[in-house]
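The structure appears below as structure tokens.
The values are calculated or read from the model by the stated rules, or taken from the named source; none is laboratory data. Just so it is clear, the structure is predicted and the values come from calculations on it, not from any experiment. Cβ atoms come from the backbone with ideal geometry, glycine included; neighbour counts cover every protein chain shown.
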Amino acid sequence: MSIELDAKIPEGPLADKWDNYKEHEKLVNPANKRKFKIIVVGTGLAGASACATLAELGYQVEAFTFHDSPRRAHSIAAQGGINAAKNYRGDGDSINRLFHDTIKGGDFRAREANVHRLAQVSVDIIDQMVAQGVPFAREYGGLLDNRSFGGAQVSRTFYARGQTGQQLLLGAYQQMARQVGLGNVKLWNRMELVDVVVVDGRCAGIVTRDLMTGEVSSHSAHAVVLATGGYGNAFFLSTNAMTCNVTAAWRAHRKGALFANPCYTQIHPTCIPQADDFQSKLTLMSESLRNDGRVWVPENPDDTRSPDQIPEAERDYILERLYPSYGNLAPRDISSRAAKRAVDSGRGVGPLKNGVYLDFSDAIGRLGKSVVEERYGNLFDMYRQITGENPYEVPMRIYPASHYTMGGIWVDYELMTTIPGLYAAGEANFSDHGANRLGASALMQGLADGYFVLPYTISNYLAPFLNKPIPDTSHEAFGVAEQQARDRFARFLSIGGTRSPDYFHRELGKIIWDYCGMERNRQGLEKALSEIPALYDEFQKDLRVTGDGESTNQTLEKAGRVEDFFELGMLMCHDALDREESCGGHFRSEHQTEEGEALRDDDNFAHVSAWEWTGDPARPNLHEEALVYEEVQLQTRSYK
Amino acid sequence: MTTQNHGTLTNLTLEIWRQTGPDDPGRFVTYEIPEISDGASFLEMLDILNERLIEAGEEAVVFDHDCREGICGTCSLMIDGRAHGPQRGTATCQLHMRTFSSGDTIVIEPFRASSFPVIKDLMVDRAAFDRIVEVGGFISAATGGAPDGNLIPIPKPVADAAMDAAACIGCGACVAACPNGAASLFTGAKLAHLNLLPQGQAERFKRTEAMVETMEEHFGSCTNHGECEAACPKSISIDVIAVMNADYRKAKFKNRKSLSRV
Amino acid sequence: MAQTFSRGPVSGTAVKQDGKRKPFLLDLYSTAVGKKYVMAITGILLLGFVIAHMVGNLKLYQGRTGPGVYAMDEYAVWLKNLLYPAFPESGVLWLMRSGLIVAVLLHIHAAYGLTIINRKARSVKYQSSRDYEVANFASRTMRWTGIIVALFVVWHLADFTFGWVNPNFISGEVHLSVVASFQRVPVSIFYIVANIALGIHLFHGVWSLFQSMGWNNPRFNVWRRYLATAIATVIVVGNVSFPIAVLAGIIDHPAA
């Protein structure tokens, strides 16, 4: 298959591109919109907001979620906030500044036009969410409050306590629920996408599996939107929810959608370290803790004293020492690597020696316990619940964990994948964060895609198909895809080995984390590329799935998702191996400065790596989209 | 709660409700957990049990769970007769084994209500909550026409009170804990959130009437036991039920014409 | 309240066929929240009666106001002739009585209706034992304390209003009937038990009516509990004191 990567960036100066696009796109008459059916898979921020808006416009929308309710999507777990260039503080913020911060935060590996559009619509998102009744934090005067976040020198983050993601998702969910109630959205719950169907080079629909009855069925539409989130669970241990998976994106990839920058994964520095081998997931604590906590490890790796017994002189405040000007507030990737190096040098703390201290004793001494409690009380409570330790008395232990994936399905400016008619929105696509995402930008991107981008761009694709028949589910391509899905799940049930899907997921995650995690190198990646296929072989021979395929079977669901993680894991390693530079969340130890900082190679790698499925996961086919910067000067990120 | 991080519990007995499908009467089945770290979460203990069951060729226990940090509202379970277990103000996924002692017998049953039918084992269907939201749990604000976010100042205490109610995670523990199987805390929380805000005034009474009446198609009635508040992982106050009752009364008695209430 | 599953998409759930609604009050009463309003409002009426009844009965302690004339009996006559001659003799009394009868019937009917709704709301019960955290004895036994009080009211009417079960009933001689009845120890015990049940019923009911009516203000909420406790205590202490006083000989009557 020959694929031409055309990002379809509109003409004109950067600041006018989005307006130009909107002026020149093809429209669908309001009375004709009901003739088009759009399938939206996933009901998180991007999916729910897309469903609501497309239905308001008049399209027939069918929404699919594998949860019991759209409101369960993992967008709900975002804590910190959402960025918008409102400049309510009068501190010099502007669309242009948000754009520059995002490009720089992404280590100059994002597409300029997309990022600028994101900064532009960020303003509308806040207005929209306020109108929907999202209870953002307010000041006593009744106006919206802001806080500041890493990687920015202005206060532009809107928040709702530590539950911003929850409140935004509920806002989008409620708008979607309204359309369900009115009959404009058909909601299918507990349905998982198991394949994407392409007919005559265009996306014709999807094949789903009913998680309650095991029934495999087909659904056709004029266009399909995947808003199915990221693939951070490839690492097994991550801050993602248990059921987060790559299946929808991966099924699309196998049908011809290129997968971009899979090696760009974000590691969040302030998570609670793993406590045991059986641990199922890691818990993130807001990065805001680093405002007052000091990160340190003992100088001596063999120090077994309790932290309060270790004198000042024998402590190494790693971030303050390495990054004197930013100190404990250095960006996520930099802080994470510093913690990893401390642990790797044997100076880790805690029973498994797998964390670093985040110490609040200075802050408690300086501000008093009550101020610390007011600022971080809920986080301290959460830490105590999980670890059983009291952080007011003993320093917290933290360690980085996989949190967000910047990579995803390749999309053009219109958010269309390389399969015409198939779109990807939110974390599922790769478009806006480059090699590293700034805090409070994920919520912004999900809602921007769903509310303000897709509803415009989708009509440009649909308009020419007015009154032309589309393939329906009786087309043989659907039948073939259904049969393949049934065979696939039957295969899992019939292997009859000895190990559960969770076992393989855990083992796979260890390999990916060790060799394609926070720090990568050629040797490790090559090792991973030999170990993953071996484990995959074992999976296919020794998997055991109990129960049947005709009723709810979480083991069977998991088997399908783990299999897709195997193939994705290989692609992540291929991509990391191919990208001979360090940038953002991708750190190759061969490419660093003398001080151990990331060393980009703009001459050779200022491009998006978009991978094509060839049928053999060991031999993906690379396509490159050159990143052309008209507005931005490439520079070295420095937080010294 | 101890502050010891790494203890081990031994000889736990689990009585778990197993039910093959909606039509199966179901029964308790006993499982032994010889040893478990007290740092494990309750759901991780079930994960370990399930892995053991799968490797022994038995079907894993089906239970709902997802985020495992107390925000998505997917997890459920009646543990020893309490929704979300013995710890107050947390969801099942935030419960750790250090809350229990060696030798304990732990009884695990699904949430029960007529509108929460058991799908399988410990998994129930809570879609009735979505039906309540669909009839009015929103502010009609189509995308695109919103005025500036700072156009209507909202006093901080009002925003805070709305946020207190909006913290609801829709887990259904209120229904499960209520001796009457009522969903008043859930519906009251939704209504209090939207009815308190200035943006929510236009549809306030229409919303209240529609949501209360849909709630009653599915759930029991509130007799003010207060069990819901105690079981709520977000400790939402039953004050929201009083707000709902007051607004429903107003909705019914308001002059329809002068308020142009449909 | 279906326990069945239907798979397939959900849509149009808010689009209701605009069926004919019942007349306003019946429509309101057909909802559970409406029934709770009825419970609360009739509860307030009955509570007023219970308080007035207890206060009126304190006349028993006044004993005789003249030779052979008992304060209690005078009070009974006053009640009968309330607002006479503007109203016919016993007219206002019967007006109040019919109000009470309607209130009692509505209170019971609404309670019955709510019980049915609540039974249906959990058709399959918990199979293991519940561990209630805050639901108290009072809130969980409303049905039973209500039934005890209702049965007691029947007995009470037969005893003092109609005299069917009173050993020495003479119409108009209230003081005598009371003393005669309470001198029977089992009757006094029944009376005491019933009034404790009434107190328990009120302890939850008085608090609960504020919630049901939506009378909620964080500044006063804590007083709702105090008020309920105070009312329940006063009623129980007052009412229970009568049989005890009779048995102890503090209240007596030569003819009994």
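Please verify whether residue A:233 is outside any helix (DSSP H, G or I) and either basic (Lys, Arg) or within 29 Å of residue A:580 (Cβ to Cβ) (or both), treating the condition exactly as stated.
no
Filter region A:425-451 down to residues that are touching a Leu at 6+ places or on another chain (Cβ under 6 Å) and either basic (Lys, Arg) or within 15 Å of residue A:171 (Cα to Cα) (or both), then give me how many there are.
Going through region A:425-451 one residue at a time, the tally reaches 4.
Let me confirm something: among B:139, B:119, B:169, B:132, which residue is within 22 Å of residue A:78 (Cβ to Cβ), out of contact with any Leu (no Cβ under 9 Å at 6 or more places or on another chain) and β-branched (Val, Ile, Thr)?
B:169
When the residues of region C:108-167 are filtered to those that are of a type in the set (Ser, Thr, Tyr) and more than 7 Å from chain B (Cβ to nearest Cβ), which remaining residue is farthest from residue C:243 (Cα to Cα)?
C:115
All but one of (1) more than 7 Å from chain C (Cβ to nearest Cβ); (2) on the phi < 0 side of the Ramachandran plot; (3) out of contact with any Pro (no Cβ under 8 Å at 6 or more places or on another chain) hold for residue B:162; which doesn't?
(3)
Every residue, every condition in (1) out of contact with any Cys (no Cβ under 7 Å at 6 or more places or on another chain); (2) not small (Gly, Ala, Ser), yes or no:
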{"position": "A:513", "(1), (2)": "yes, yes"}
{"position": "A:529", "(1), (2)": "no, yes"}
{"position": "A:534", "(1), (2)": "yes, no"}
{"position": "A:542", "(1), (2)": "yes, yes"}
{"position": "A:550", "(1), (2)": "yes, yes"}
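Just the residues that are under 30 Å from residue C:5 (Cβ atoms), among the hydrophobic types (A, V, I, L, M, F, W, C) and in contact (Cβ under 8 Å) with a residue 60 or more places away in the chain, please, taken from region B:76-120.
B:78, B:83, B:91, B:106, B:107, B:108, B:111, B:113, B:116, B:118, B:119
Table: residues versus (1) without any contact (Cβ under 8 Å) to a residue 40 or more places away in the chain; (2) under 24 Å from the mean Cα position of the chain (by Cα).
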position	(1), (2)
A:533	no, no
A:551	no, no
A:559	no, yes
A:573	no, yes
A:582	yes, yes
A:600	no, yes
A:603	yes, no
A:611	no, yes
A:629	no, no
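From the set of residues in region C:200-231 that are over 13 Å from residue C:43 (Cβ atoms) and of a type in the set (A, V, I, L, M), which is surrounded by the most Cβ atoms within 10 Å (Cβ to Cβ)?
C:200
Residue-by-condition table, conditions (1) of a type in the set (Val, Ile, Thr); (2) surrounded by fewer than 24 Cβ atoms within 10 Å (Cβ to Cβ):
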position: A:156; (1), (2): no, no
position: A:160; (1), (2): no, no
position: A:175; (1), (2): no, no
position: A:180; (1), (2): yes, no
position: A:191; (1), (2): no, no
position: A:196; (1), (2): yes, no
position: A:205; (1), (2): no, no
position: A:217; (1), (2): no, yes
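Identify, please: which residue in region C:32-85 is among the aromatic types (Phe, Trp, Tyr) and either in a helix (DSSP H, G or I) or touching a residue at least 60 places away in the same chain (Cβ under 8 Å) (or both) and is, among those, farthest from residue C:110 (Cα to Cα)?
Among residues in region C:32-85 that are among the aromatic types (Phe, Trp, Tyr) and either in a helix (DSSP H, G or I) or touching a residue at least 60 places away in the same chain (Cβ under 8 Å) (or both), the one farthest from residue C:110 (Cα to Cα) is C:70.
This table checks each residue for (1) more than 30 Å from residue B:79 (Cβ to Cβ); (2) in a loop (DSSP other than H, G, I, E, B); (3) without any contact (Cβ under 8 Å) to a residue 60 or more places away in the chain.
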site	(1), (2), (3)
C:126	no, yes, yes
C:130	no, yes, yes
C:138	no, no, no
C:151	yes, no, yes
C:167	yes, yes, yes
C:175	yes, no, no
C:178	yes, no, no
C:188	yes, no, yes
C:194	yes, no, yes
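May I ask you to list the residues in region B:117-136 that are more than 9 Å from chain C (Cβ to nearest Cβ), assigned to a loop (DSSP other than H, G, I, E, B) and either under 18 Å from residue A:384 (Cα atoms) or touching a strand residue (DSSP E or B) at 6+ places or on another chain (Cβ under 7 Å) (or both)?
B:121, B:122
For residue A:494, are the conditions met, namely being among the hydroxyl-bearing types (Ser, Thr, Tyr) and farther than 18 Å from residue A:558 by Cβ?
no
Tell me yes or no: at least one residue of region B:101-108 is of a type outside the set (Val, Ile, Thr) and either at pLDDT below 95 or crowded, with 19+ Cβ neighbours inside 10 Å (or both).
Within region B:101-108, none of the residues are of a type outside the set (Val, Ile, Thr) and either at pLDDT below 95 or crowded, with 19+ Cβ neighbours inside 10 Å (or both).
Read through the list (1) touching a residue at least 60 places away in the same chain (Cβ under 8 Å); (2) out of contact with any Ser or Thr (no Cβ under 9 Å at 6 or more places or on another chain); (3) within 14 Å of another protein chain (Cβ to nearest Cβ), then give the number of the only condition that residue A:501 fails.
(2) is the only condition that residue A:501 fails.
How about region A:67-94: which of its residues are within 26 Å of residue B:71 (Cβ to Cβ) and more than 10 Å from chain B (Cβ to nearest Cβ)?
Hits for region A:67-94 are A:80, A:81, A:82, A:83.
Within region A:402-418, restricting attention to residues that are of a type in the set (A, V, I, L, M) and under 13 Å from the mean Cα position of the chain (by Cα), which residue is nearest to residue A:281 (Cα to Cα)?
Only one residue tops the list, namely A:406.
For residue A:566, state whether it is in the same structural domain as residue A:508 (by TED's automatic domain parsing), among the aromatic types (Phe, Trp, Tyr) and either under 17 Å from the mean Cα position of the chain (by Cα) or within 20 Å of residue A:634 (Cα to Cα) (or both).
No.
Residues being under 15 Å from residue B:18 (Cα atoms) and either assigned by TED's automatic domain parsing to the domain that holds residue B:174 or aliphatic (A, V, I, L, M) (or both): count how many of those fall in region B:61-112.
Within region B:61-112, residues that are under 15 Å from residue B:18 (Cα atoms) and either assigned by TED's automatic domain parsing to the domain that holds residue B:174 or aliphatic (A, V, I, L, M) (or both) number 8.
Take the residues in region A:278-302 that are in contact with a Lys or Arg (Cβ under 8 Å, 6 or more places away or on another chain) and of a type in the set (Asp, Glu), then tell me which one is nearest to the other protein chains (Cβ to nearest Cβ).
That would be A:287.
If the requirement is being more than 19 Å from residue B:154 (Cα to Cα) and either of a type in the set (D, E, K, R) or facing chain B (nearest Cβ under 10 Å) (or both), which of these qualifies: A:167, A:174?
A:174
Looking at (1) more than 30 Å from residue C:229 (Cβ to Cβ); (2) polar (S, T, N, Q); (3) in contact with a Phe, Trp or Tyr (Cβ under 9 Å, 6 or more places away or on another chain), can you tell me which one residue C:98 breaks?
Condition (3) is where residue C:98 drops out.
Within region A:412-429, how many residues turn out to be farther than 12 Å from residue A:253 by Cα and hydrophobic (A, V, I, L, M, F, W, C)?
Total satisfying the criteria: 3.
Any chance region A:520-538 includes a residue that's out of contact with any Gly (no Cβ under 6 Å at 6 or more places or on another chain), more than 30 Å from residue B:59 (Cα to Cα) and not in a helix (DSSP H, G or I)?
Yes; the residues of region A:520-538 include at least one that is out of contact with any Gly (no Cβ under 6 Å at 6 or more places or on another chain), more than 30 Å from residue B:59 (Cα to Cα) and not in a helix (DSSP H, G or I).
Return only the number of the condition from (1) in contact (Cβ under 8 Å) with a residue 60 or more places away in the chain; (2) over 19 Å from the mean Cα position of the chain (by Cα) that residue A:344 does not satisfy.
Residue A:344 satisfies all of (1) in contact (Cβ under 8 Å) with a residue 60 or more places away in the chain; (2) over 19 Å from the mean Cα position of the chain (by Cα) except (1).
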